[in-house]
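The values are calculated or read from the model by the stated rules, or taken from the named source; none is laboratory data. Computed from a predicted model, the values in this text were never measured in an experiment. Don't worry about glycine lacking a Cβ; one is built from the backbone with ideal geometry, like all the others, and counts go over all protein chains shown. For accessibility, only protein heavy atoms count, side chains too; no ligands or nucleic acids. Shrake-Rupley method; radii C 1.70, N 1.55, O 1.52, S 1.80 Å.
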Amino acid sequence: FHVTDLNGNKLTDESVISYIEQSLETTDPDRSHGFDGLTALELTGTDRVGLLSEVFAVLADLQCNVVDAKVWTHNGRIASLIYVKDCNSGSPIEDSQQIDRIEARLRNVLKGDNDIRSAKTSVSMAVTHTERRLHQMMFADRDYDRKPILQHKVDLPVVTVQNWVERGYSVVNVQCKDRTKLLFDVVCTLTDMQYVVFHATINTTGDKAYQEFYIRHSDGTPISSEPERQRVIQCLQAAVERRAYEGVRLELCTVDRQALLADVTRMFRENGLNVTRAEISTTRDMALNVFYVTDAIGNLADPKTIEAVRQKIGLGKLKVKELPLVYQEKVEREEQAVGVGGTVLLSLGSIVRRNLYNLGLIKSYS
């Protein structure tokens with residue numbers, strides 16, 4: 001493997017290199033990652049605006065402290081793995097009656113008005129690899145077989161599957177925008193579908209990734225039918241899309257407290273912001289949370305709305321990161337329209353850019 005850091009630079013930190021070596025040498029691929037002593041909640045259901053707010057409100061009401069969580073949405077479905085402990089004792093939740101209450105309350109929230117059959121909630125003391133488990137949960141929920149409510153995505157992954165009859169392999173090609181953990185997502189899905197990778201070639205050019213896998217079933221046979229081929233294509237496209245970044249990235253860093261997540265996500269809901277992905281973590285007494293938000297129908301959120309939420313939560317606590325390119329492109333289009341209205345349109349473009357700068361959404365407006 002030829003690897004770089006997240007900025008594309010050569011790895012020089014010996015501690016990072018040593019950690020990679022130790023991780024690859026371990027005989028336990030599903031280590032706890034610090035989740036020992038926590039209770040794991042697994043949730044799947046139909047996504048809707050404000051659902052995460054309701055989930056965190058229920059957990060706060062039931063005296064559950066969220067220590068770590070990841071939330072993915074895809075094709076109108078939501079999957080979440082939430083690690084909690086008892087607010088009062090700081091211990092894992094083991095009382096069977098309390099577990100029953102948590103499951104019942106959360107199941108009612110997930111069901112809403114129209115998801116009676118497919119909403120699922122389970123409480124477990126088992127420790128697993130969070131992101132691997134999220135793939136498994138969404139795969140079991142058949143998110144790949146559902147039509148997206150809104151089709152506004154660009155750069156959709158291209159997946160092809162062909163049989164190499166002479167050698168007894170099926171050849172899978174995946175082409176899409178490159179990002180971190182892309183290889184992990186694809187290989188996890190192939191593995192969970194009971195395929196074995198015998199050969200693979202991974203290349204990146206610019207921001208594009210090209211992956212080719214030679215696979216067989218675990219019994220040594222290639223893909224045997226057209227329906228199976230189509231299913232592999234659908235599942236791999238879903239695996240790539242689940243982690244795709246949609247919306248504006250908001251980073252919350254503040255002192256942790258009870259019901260913090262309930263309050264923050266309620267504010268998102270009240271301002272019409274929908275959370276498409278979330279990563280919740282706590283370090284000692286600090287909450288380090290990341291949210292990707294859109295408007296209620298999946299479009300880019302209005303910068304004014306985001307600024308209003310930031311004002312309420314605290315400008316120093318909630319920051320905007322990785323502004324989607326479309327915002328900058330909009331400003332550039334307005335500035336390029338000088339020929340139509342002369343300096344008036346130019347000044348409007350400058351005002352827009354200055355406002356975005358004041359909101360903390362771009363680095364400069366000069």
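Of note:
- Among the residues making up the range 203-250, those that are more than 23 Å from the chain's Cα centre (by Cα) and β-branched (Val, Ile, Thr) are Thr205, Ile215, Thr221, Ile223.
- All of (1) part of a strand (DSSP E or B); (2) touching a residue at least 60 places away in the same chain (Cβ under 8 Å) hold for Thr180 with one exception: (1).
- Looking only at residues in the range 58-83 that are among the polar types (S, T, N, Q) and over 23 Å from Ile297 (Cβ atoms), the one that is most open to solvent (accessible area, probe 1.4 Å) is Gln63.
- Residue match in the range 222-241 (condition: touching a strand residue (DSSP E or B) at 6+ places or on another chain (Cβ under 9 Å), of a type in the set (S, T, N, Q) and outside any helix (DSSP H, G or I)): yes
- Test: Glu21 is surrounded by fewer than 18 Cβ atoms within 10 Å (Cβ to Cβ) and part of a helix (DSSP H, G or I): yes
- Test: Tyr214 is part of a strand (DSSP E or B), in contact (Cβ under 8 Å) with a residue 24 or more places away in the chain and open to solvent by 60 Å² or more (accessible area, probe 1.4 Å): no
- Hits in the range 238-270 - residues which are open to solvent by 40 Å² or more (accessible area, probe 1.4 Å) and touching a helix residue (DSSP H, G or I) at 6+ places or on another chain (Cβ under 8 Å): Gln258, Arg266, Arg269
- When Gly220 is tested against the conditions (1) over 30 Å from Asp302 (Cβ atoms); (2) modelled with pLDDT of 95 or more, the lone failure is (2).
- When the range 171-200 is limited to residues that are in contact with a strand residue (DSSP E or B) (Cβ under 7 Å, 6 or more places away or on another chain) and open to solvent by 70 Å² or more (accessible area, probe 1.4 Å), the one that is nearest to Arg242 (Cα to Cα) turns out to be Lys177.
- Within the range 234-254, residues that are among the basic types (Lys, Arg) sit with their Cβ atoms under 6 Å from residues that are outside any strand (DSSP E or B) and open to solvent by 10 Å² or more (accessible area, probe 1.4 Å), at 6+ positions apart or across chains, in these pairs: Arg249/Glu322.
- Checking Val16, Val55 one by one, the residue that is buried (at least 22 other Cβ atoms within 10 Å of the Cβ), of a type in the set (Val, Ile, Thr) and in a helix (DSSP H, G or I) is Val55 and no other.
- Checked against (1) among the charged types (D, E, K, R); (2) over 28 Å from Leu288 (Cβ atoms); (3) open to solvent by 50 Å² or more (accessible area, probe 1.4 Å); (4) in contact (Cβ under 8 Å) with a residue 12 or more places away in the chain, Glu226 passes all but a single condition, namely (4).
- Qualifying residue in the range 300-317 (condition: at pLDDT 50 or above, in contact with a Pro (Cβ under 7 Å, 6 or more places away or on another chain) and buried (at least 17 other Cβ atoms within 10 Å of the Cβ)): yes
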